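The values are calculated or read from the model by the stated rules, or taken from the named source; none is laboratory data. No experiment lies behind these values; they were computed from the predicted model shown. Reconstructed Cβ throughout: ideal geometry from the backbone, glycine too, with neighbour counts over all protein chains shown. Note: accessible area is taken over every heavy atom of the protein model, side chains too, but ligands, DNA and RNA are not part of it. Shrake-Rupley method; radii C 1.70, N 1.55, O 1.52, S 1.80 Å.
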Amino acid sequence: AAALLEPLSVAIHSLNRAAPAPGSTALVIGAGTVGLLVAAMARQSGCTFVTIMDVDEGRVNYAISKGFATHGYVVPKPFHSSAGTSTPASSDGAMTPLSSYSSISDRLDGAKAVAADVLSVARPDMAALEEDEDDGVDVTFECTGKEACMQTSLYATKPGGKVIMVGMGTPIQTVPLSAAHLREVDILGIFRYANTYQTGIRLLAGKGAMKLPSLDDMVTHKFKGLAEAKKAFELAGRTVDDEGNLVIKVVIEA
């Protein structure tokens with residue numbers, strides 16, 4: 001569990017920045033180690049519905065079955081196969097780049113479609129809403145750093161909500177700022193964490209009222225010695241290993 005203190009600190013800092021009100025709805029984009037821990041912290045911070053979204057069904061299922069999130073959404077292949085992101089290959093789980101849409105207009109339309117689709121899962125009460133301007137979650141945590149995911153996050157967040165930029169991926173992005181500007185969506189960036197380790201240690205120790213899901217099996221693979229670092233990093237870039245087992249957190253032991 002100590003090896004997870006660093007990514008847990010990222011999650012704690014993200015929630016400190018978001019400061020969601022009790023009963024809020026949250027969307028977490030990306031179900032890697034950080035995304036899973038962000039979802040868990042969102043639940044512990046009082047978010048009633050926490051939906052986690054990823055292109056990999058195995059990771060989404062893991063998040064739901066282990067209690068990290070309340071709802072899950074797997075991005076359909078028609079969306080992520082042409083959205084300019086990186087997605088796991090079906091054979092070995094390796095991350096492979098995909099072709100992008102032909103224009104920014106097409107890419108934004110794709111992001112809108114994904115946002116609309118995930119909201120039907122992220123907001124169980126959506127069918128009862130009468131006004132379209134109320135659509136969206138209270139806070140979205142973008143944990144991939146991908147341009148398409150940042151676009152989706154802006155469309156999926158309600159007016160007056162927040163988008164927390166957790167993932168650091170594509171350094172220069174084309175995003176629909178008007179979707180944030182005209183709807184008063186706050187965009188907050190984070191860089192790692194600050195003053196979070198004591199909080200993380202208490203959470204990992206299971207002390208106090210806040211309880212995280214069991215993190216015992218989040219470290220799915222271990223390598224012995226720095227000589228195995230290359231293999232470890234290669235595996236960390238995949239979602240399943242050669243035997244088809246889920247890859248989440250890879251640790252190199254001294």
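Worth pointing out:
- Evaluation of Asn195 against the conditions (1) in contact with a Pro (Cβ under 7 Å, 6 or more places away or on another chain); (2) over 30 Å from Gly136 (Cα atoms) shows that the sole unmet condition is (1).
- Residue in region 146-160 that is free of Cβ contacts under 8 Å to residues at least 12 places away in the same chain and either surrounded by 23 or more Cβ atoms within 10 Å (Cβ to Cβ) or within 20 Å of the chain's Cα centre (by Cα) (or both) present: no
- Number of residues in region 222-237 that are farther than 26 Å from Ala42 by Cα and open to solvent by less than 80 Å² (accessible area, probe 1.4 Å): the value is 6.
- Restricted to strands (runs of 3 or more DSSP E) entirely inside region 1-102, those with at least 2 residues that are modelled with pLDDT of 95 or more, open to solvent by less than 20 Å² (accessible area, probe 1.4 Å) and more than 25 Å from Glu234 (Cβ to Cβ) are 25-29, 49-54.
- Restricting Asp125, Asp135 to residues that are at pLDDT below 70 and surrounded by fewer than 23 Cβ atoms within 10 Å (Cβ to Cβ) narrows the list to Asp125.
- Of all residue pairs spaced 6 or more apart or on separate chains, those with beta-carbon atoms under 7 Å, a first member in region 194-213 that is farther than 14 Å from Leu5 by Cβ and a second member that is surrounded by 14 or more Cβ atoms within 10 Å (Cβ to Cβ) and not acidic (Asp, Glu) are Ala194/His13; Met210/Gln44; Met210/Leu203; Pro213/Ala40; Pro213/Lys66; Pro213/Gly67; Pro213/Phe68.
- Count of region 166-205 residues which are within 30 Å of Ala232 (Cβ to Cβ), open to solvent by 30 Å² or more (accessible area, probe 1.4 Å) and part of a loop (DSSP other than H, G, I, E, B): 12
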